[in-house]
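Working notes, structure below.
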Amino acid sequence: MDIILLGPPGAGKGTQAQRLVEAHGMRQLSTGDMLRAAVKAGTAVGLQAKAVMDRGELVCDAIVSALIGEELDAMAAGQGAIFDGYPRTAAQAESLDAILSARGRSLNHVIELGVDEDALVERICGRFTCANCGKGYHDKFEQPKVAGTCDKCGSHEFKRRPDDNEDTVRTRMAEYRAKTAPILPIYDARGIVSRVDGMADIDAVTAAIEQVIKG
Ligand code: ADP
Ligand code: ADP
Ligand code: ZN
């Protein structure tokens with residue numbers, strides 16, 4: 001099963017993708033995570049992407065689609081993919097179709113997380129992750145069970161993204177509205193879009209997504 005989680009920055013895509021990985025052994029394909037890894041490793045892609053990401057603009061389609069193709073090739077044939085933060089433009093949506101069909105795969109669901117924009121700044125400005133395993137947290141909405149210790153791996157080190165600040169978030173939201181939201185009709189026409197209330201609490205969103213996947 002291959003699914004897209006679609007929604008603006010802070011909608012909960014990464015949080016829900018991590019839960020699907022744990023529950024179903026699917027693989028999370030986050031172009032944001034791939035790009036941050038490239039920046040950290042100082043690769044050519046990373047060098048090109050860094051300034052664009054710091055501004056909150058979109059990295060070029062060819063780069064992210066190439067990253068997605070490479071990740072899919074590294075997956076076991078039967079393993080389901082969760083596309084998190086990809087596609088973000090009509091050109092990427094078109095590339096994804098080609099990338100999937102070349103590998104004998106196809107999309108089962110596009111799950112749109114509907115959120116209230118006013119809530120997103122608070123979500124993003126309170127976001128942090130475990131520096132060791134990547135588990136996501138929030139200062140107010142999802143704190144570690146034991147303060148300062150990762151629930152999943154026990155690490156005491158956490159990090160925050162440099163682009164998770166109010167200015168950049170506004171640009172990222174504008175990019176979402178202008179370039180990403182318009183791809184929904186492509187999937188609507190195929191009858192594969194399900195809308196989930198992303199304003200509900202994290203467990204309730206997970207339950208709604210599970211309903212969609214069960215069919
Ligand atoms: P969020 O989930 O908070 O929206 P991401 O981690 O998905 O953020 O993306 C962080 C940044 O990485 C984006 O603002 C953009 O610069 C870049 N990026 C990630 N995915 C894509 C993509 N599919 N196309 C273009 N740029 C991307
Ligand atoms: P995205 O990947 O869509 O950018 P995240 O999954 O990283 O979003 O969520 C952004 C922040 O909001 C994280 O700190 C996360 O813990 C928190 N969060 C995610 N879903 C919810 C929710 N339903 N209610 C409250 N906070 C949430
Ligand atoms: Zn951890």
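Filtering CYS60, CYS125 for residues that are under 21 Å from LYS179 (Cα atoms) and within 13 Å of ligand 1 (Cβ to nearest atom) leaves a single hit, CYS60.
Taken over segment 100-133, the criterion of being near ligand 2 (Cβ under 8 Å from one of its atoms), in a strand (DSSP E or B) and among the aliphatic types (A, V, I, L, M) is satisfied by LEU113 alone. Is there any pair with a first residue in segment 129-149 that is free of Cβ contacts under 8 Å to residues at least 60 places away in the same chain and a second that is loosely packed, with under 13 Cβ neighbours inside 10 Å and not in a loop (DSSP other than H, G, I, E, B) whose Cβ atoms are under 7 Å apart and which are 6 or more apart or on different chains, and what are they? Here the result reads THR129/LYS159; ALA131/LYS159, each pair linking segment 129-149 to a residue that is loosely packed, with under 13 Cβ neighbours inside 10 Å and not in a loop (DSSP other than H, G, I, E, B).
To keep it simple, each residue is scored yes or no on (1) among the polar types (S, T, N, Q); (2) crowded, with 18+ Cβ neighbours inside 10 Å; (3) over 22 Å from ASP164 (Cα atoms); (4) out of contact with any Asp or Glu (no Cβ under 9 Å at 6 or more places or on another chain).
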| residue | (1), (2), (3), (4) |
| --- | --- |
| ASP54 | no, no, no, no |
| GLU57 | no, no, no, no |
| CYS60 | no, no, no, yes |
| ALA66 | no, no, yes, yes |
| GLY69 | no, no, yes, yes |
| ALA74 | no, no, yes, yes |
| GLN79 | yes, no, yes, yes |
| ILE82 | no, yes, yes, no |
| TYR86 | no, yes, no, yes |
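Exactly one residue among ARG103, ARG123, ARG127, ARG88 is more than 13 Å from ligand 3 (Cβ to nearest atom) and more than 27 Å from THR168 (Cα to Cα), and that residue is ARG103.
Out of everything in segment 129-156 that is polar (S, T, N, Q) and under 18 Å from GLY14 (Cβ atoms), what residue ends up being nearest to the chain's Cα centre (by Cα)? Step through it out loud before you land on a result.
Of the residues in segment 129-156, the ones polar (S, T, N, Q) are 129, 132, 143, 149, 155.
When the remaining residues are screened for being under 18 Å from GLY14 (Cβ atoms), the result is 129, 132, 143, 155.
Working: THR129: 14, ASN132: 19, GLN143: 20, SER155: 23 Å.
The selected residue is THR129.
Select from segment 5-52 the residues that are touching a strand residue (DSSP E or B) at 6+ places or on another chain (Cβ under 6 Å) and basic (Lys, Arg) and write down the one among them that is farthest from ALA181 (Cα to Cα). In this case the residue turns out to be ARG27. Among the residues of segment 8-22, at least one is closer than 28 Å to GLU166 by Cα, touching a residue at least 60 places away in the same chain (Cβ under 8 Å) and among the aliphatic types (A, V, I, L, M).
Rule-based calculations on the coordinates, nothing more; no lab input. These numbers were taken from a predicted model, which means no experiment stands behind them. Neighbour counts are summed over all protein chains in view; Cβ atoms, including those assigned to glycine, are modelled from backbone coordinates with ideal geometry.
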